[in-house]
Amino acid sequence: MIHQSKSYIKFIRLSKNKHGVHSPFVYNLVTQCFNGKSKYPEYNILKKHRQALLHDNTTVAMTDFGQGSRVFKGNDRKVSQVVKNAGMKKKRQKLLFRLAHYFKCENVLELGTSLGLGTVALSVSNTFTAINTVEGCPNTLQKAQEYFEQFNLHNIQIHQTLFKTYLEENKDEKFDLIFIDGDHNGERTLQYFTSLLDNVHNNSLIIFDDIYWSKDMTQAWQQIIAHPKVTVSIDTFRWGLVFFRKEQPKQHFIIRV
């Protein structure tokens with residue numbers, strides 16, 4: 001937590017808004033997507049799904065395959081409490097929706113389904129979007145799938161396996177957007193990134209969650225943005241975004257969202 005606090009102070013000092021961005025690509029992204037004010041009707045689906053989870057007091061035995069939880073000590077967790085204390089916040093969920101919508105993403109990969117807050121945002125982002133979501137814990141995935149079915153979300157393909165296993169078995173698949181939200185280990189995150197270089201194209205976007213979770217996660221993030229295939233990178237503190245656009249000069253941005 002000390003690392004996060006110190007990193008946030010530094011982030012606030014260095015971060016900029018749209019007025020400090022001189023790249024047309026990133027400026028448009030910030031003004032039209034990050035700061036977008038449109039009231040999308042799909043937001044109502046996100047709201048109803050979240051409310052349903054918040055009223056679900058069933059207990060699920062959840063297995064952590066990453067760094068574990070800083071909130072829960074045991075594996076038996078109420079769905080409502082997981083959403084309230086550890087789930088993706090409303091603001092970030094809407095931002096994830098807007099990112100997939102803005103880039104008109106057709107083929108999306110999510111590593112870390114959890115209870116599906118991010119999955120649903122990606123699912124409703126575009127009518128033509130197809131989601132592959134990967135979760136190691138079978139009980140968590142079953143609960144998420146129950147709600148996918150309840151909300152008639154039929155463009156989601158679930159995979160109950162380890163991230164590493166999925167990536168090894170799907171090296172030829174190309175994704176427009178990849179959201180990594182299930183492991184906060186720096187070394188493994190770097191391994192996922194290296195493997196995912198087989199799955200990206202010129203216009204792909206990879207989003208890394210919790211880049212300041214720990215020192216090793218931040219070190220992994222620094223190595224990722226230094227990679228020669230990464231041209232544009234954006235630090236929003238909670239998320240790190242990387243692009244592979246060959247037509248762009250290599251630039252790094254620290255943006256307040």
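Any read-out appearing in this document is the output of simple, stated calculations on the displayed coordinates, not a laboratory observation. No experiment lies behind these values; they were computed from the predicted model shown. Glycine also receives a Cβ, built like all others from the backbone with ideal geometry; neighbour counts cover every protein chain displayed.
At-a-glance table
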| item | result |
| --- | --- |
| Pairwise label distance in nanometres, GLN150 with LYS48, each label 7 Å out on the Cα-Cβ vector | 1.2 |
| Relative packing of 241-248, 112-119, 219-226, which averages over residues the other C-beta atoms within 10 Å, highest first | 112-119, 219-226, 241-248 |
| Per-peptide average of other Cβ atoms within 10 Å, ordering 150-161, 203-214 highest first | 203-214, 150-161 |
| Placed amide H near ARG245: partners under 5 Å, 5+ positions off or other chain | THR231, VAL232 |
| Rounded tilt (10° steps) of 186-196 against the dominant C-alpha axis of the chain | 80 |
| Selection of trypsin sites (Lys or Arg not before Pro), the range 94-145, meeting DSSP coil and at most 16 other Cβ within 10 Å | LYS104 |
| Considering only the range 40-146, percent of DSSP beta bridges that pair antiparallel, nearest 5 | 40 |
| Net dipole in debye of the range 1-43 [+1 Lys, Arg Cβ; -1 Asp, Glu Cβ; about Cα centre; nearest 20] | 220 |
| Antiparallel bridges, percent of DSSP beta bridges restricted to the chain (to nearest 5) | 35 |
| Diffusion constant of the range 2-254 at 10 °C, which comes from Stokes-Einstein with the Kirkwood Cα-pair radius and 1.306 mPa s, µm²/s | 85 |
| Angle between the chain longest axis and helix 42-54 axis [Cα atoms, degrees, rounded to 10] | 50 |
| Dipole magnitude (debye, nearest 20) for the chain, charges at Cβ of Lys, Arg, Asp, Glu | 1500 |
| Computed Kirkwood radius, in angstrom, where 1/r is averaged over Cα pairs of the range 152-257 | 14.4 |
| Backbone HN-Hα couplings from phi across the range 152-163 [Karplus 6.51/-1.76/1.60, Hz, Gly and Pro as x] | 6, 9, 9, 9, 10, 9, 8, 9, 8, 6, 6, 4 |
| Residue-by-residue Karplus 3J(HN,Hα) for the range 89-101, coefficients 6.51, -1.76, 1.60, Hz, glycine and proline x | 6, 4, 4, 6, 4, 5, 5, 4, 4, 5, 4, 5, 5 |
